[in-house]
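As structure tokens, the structure follows; a few thoughts come after it.
We did not get these values from a lab; they are worked out from the coordinates using the rules stated. The structure presented is a predicted model; accordingly, all values stated were derived computationally and were not measured. Note: ideal-geometry Cβ built from the backbone for every residue, glycine included; neighbour counts use all protein chains shown.
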Amino acid sequence: MARIVAQFLALARADAGNLGSDAECDLAELTSKVAVTLAPVAHAKAVSLAYDRPSAGVPVQASLGALETIASNLIDNAIAHSPPGSEIHIRVERLRAV
């Protein structure tokens, strides 16, 4: 229930334009923090999280609130839809210029 309420609150903030202004942030660090926050949820479902941390930061220019919501929803959905005993691999990479 808490997960659903959090998702509705995030949707309400997005609709209201309350996700924060764009700023430079480290996507790798943000994703790591979200994974740590959701680790107890994964543990309760007997799912493990494996985070492949990049060797360098992954700077992005975006809304911190929006990125946090996206990362949280992606990891939370992976946990919710993985059978017990699964391992979820989380990886953030910097895109290479073509």
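Using a 7 Å offset from the Cα along the Cα-to-Cβ direction at both H81 and K33, what is the distance between the two label points in nm, to one decimal?
That separation, rounded to one decimal, is 2.7 nm.
Please compute the net charge surrounding C25, taking Lys and Arg as +1 and Asp and Glu as -1 over other residues with Cβ under 13 Å from its Cβ. Before the final figure, lay out each step's value.
Numbers: positive: K33; negative: D22, E24, D26, E29, E68.
That sum, taken over residues with Cβ under 13 Å, equals -4.
If the chain between D26 and V58 were fully stretched, how many nm would it gain, using 0.36 nm times the residue separation less the Cα-Cα distance? Write out the running numbers ahead of the final one.
Details: separation 32, 0.36 × 32 = 11.52 nm, distance 0.52 nm.
Between D26 and V58, full extension yields 11.0 nm more.
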